[in-house]
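Derivation of every value follows stated rules applied to the coordinates shown; laboratory data play no part. All values reported here derive from a predicted model rather than from experimental measurement. Glycine also receives a Cβ, built like all others from the backbone with ideal geometry; neighbour counts cover every protein chain displayed.
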Amino acid sequence: MAALGGVALTACLPSSPGTSLVPEQRPQVLPAAYRPPSVESAQLRNYYRVLQQDLLTRGLLRTDGGGPETPFDADDLAEHFEEIAFYNEYAGRSGSGLTGGLSRWSGPVKLVADFGPSVPEAQRQRDQTVLATYGARLSRVTGHNITTTARQGNFHVIFASADDRAYVAEKVRDLLPNLSDNDLQLFVNLPRSHYCFVLAGGPQNAPFDYIRGVALIRAEHPDLVRDSCIHEEVAQGLGLLNDSPKVRPSIFNDDDEFAYLTSHDELLLKMLYDPRLRTGMRIEEARPIIRILARDVMGQPL
């Protein structure tokens with residue numbers, strides 16, 4: 001989403017030195033009973049309602065996935081894959097923005113929805129259904145084992161409002177006990193200009209082999225923006241960690257043109273989980289394979 005542009009954790013990041021994404025065993029955090037929203041949360045809900053309407057009025061948040069005005073070929077797709085899978089403008093491991101290797105999950109991805117105590121039951125049920133449907137779609141697209149579960153997941157999607165700061169702080173400490181205080185504050189005190197974000201990665205000895213993901217989505221968002229956050233953050237948490245204005249038609253940029261994962265994005269995910277690529281692969285080694293994969297998924301000859 002465009003409002004995410006300045007956040008260090010906007011894209012999925014491998015764990016930084018001294019940070020482990022392996023959780024400790026702690027007691028489960030249970031949400032309290034529902035309570036009416038505060039003035040702050042109510043104001044945010046109205047702000048995002050007006051923002052969504054403004055985006056729609058300008059022809060953004062499209063749900064059509066693109067059309068004749070957004071053409072791309074195999075060469076475009078290969079270039080886009082490199083841009084999204086191997087670069088990260090916020091946390092590159094070199095001055096070029098390269099992350100150092102291809103990131104993805106080798107084991108099953110178990111999505112679980114977590115809700116702050118302020119989130120109404122009807123909204124919880126709706127968001128759980130959207131997440132489950134989307135997870136099934138991602139599993140079909142990637143050929144990877146992606147499911148939703150009620151507990152013991154390894155990719156948590158937290159839906160919470162401004163009134164749920166204490167819940168979010170405790171939940172994130174449980175899930176990511178070694179997270180830095182600065183990164184924790186992004187979860188707890190997310191600026192209004194940021195819609196949602198995700199942090200995903202692996203252990204220090206295998207940072208490109210993802211084992212844990214945590215996304216935060218504002219509960220104050222209206223349905224379409226909330227759904228768009230689910231689409232983008234979960235997809236980025238699978239390993240397509242960058243945003244770039246070069247990539248279109250796609251949710252992997254900051255222009256808010258598309259609300260949902262596009263057919264172009266499905267091809268990127270299909271390429272990411274192709275067994276011909278290897279987790280941790282450097283871009284130079286992967287580039288010839290990427291060109292072959294792009295032509296394969298586009299049905300174009302080599």
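Relative intensity of the chain on a log10 scale, I(q)/I(0) at q = 0.09, 0.12, 0.15 Å⁻¹, equals -0.41, -0.74, -1.18, per a Debye sum over C-alpha point scatterers of equal strength in the absence of solvent.
Evaluate the charge dipole of region 2-298 about its Cα centre and quote only its size in Debye, nearest 20, assuming +1 on the Cβ of each Lys and Arg and -1 on the Cβ of each Asp and Glu. It works out to roughly 760 debye. Residue farthest toward the positive end of the dipole of the chain, with Cβ of Lys/Arg at +1 and Asp/Glu at -1: which of Y47, Q152, A74? My answer, from the dipole projection, is Q152.
Taking only complete DSSP H runs, can you tell me which helices of the chain stretch 24 Å or more along their own long axis by Cα positions and average at least -1.0 on the Kyte-Doolittle scale?
Answer set is 39-57, 121-142.
Comparing mean-square fluctuations of H80, H156, H144 from a GNM of the chain with C-alpha springs under 10 Å, the top value falls on H144.
Once each of the GluC sites (Glu not before Pro) sitting in a DSSP loop with at most 11 other beta-carbon atoms within 10 Å is removed, the chain keeps 70-302 as its longest stretch. Counting only DSSP beta bridges with both residues in the chain, the antiparallel share comes to about 30 percent. Here region 134-156 is scanned for amide nitrogen atoms under 19 Å from the site 7 Å beyond the Cα of D274 along Cα-to-Cβ, giving 138-145.
Extending 7 Å from the Cα toward the beta-carbon at both T147 and L184 defines two label points whose distance is 3.3 nm. Show which lysines lie in cross-link reach of K171 when reach means a straight Cα distance below 18 angstrom and same-chain residues fewer than eight apart are skipped. Filter leaves K110. Sort out for me the Cα centre separation of region 31-77 from region 196-259, rounded to whole Å. Between the Cα centres of region 31-77 and region 196-259 lies a distance of 14 Å.
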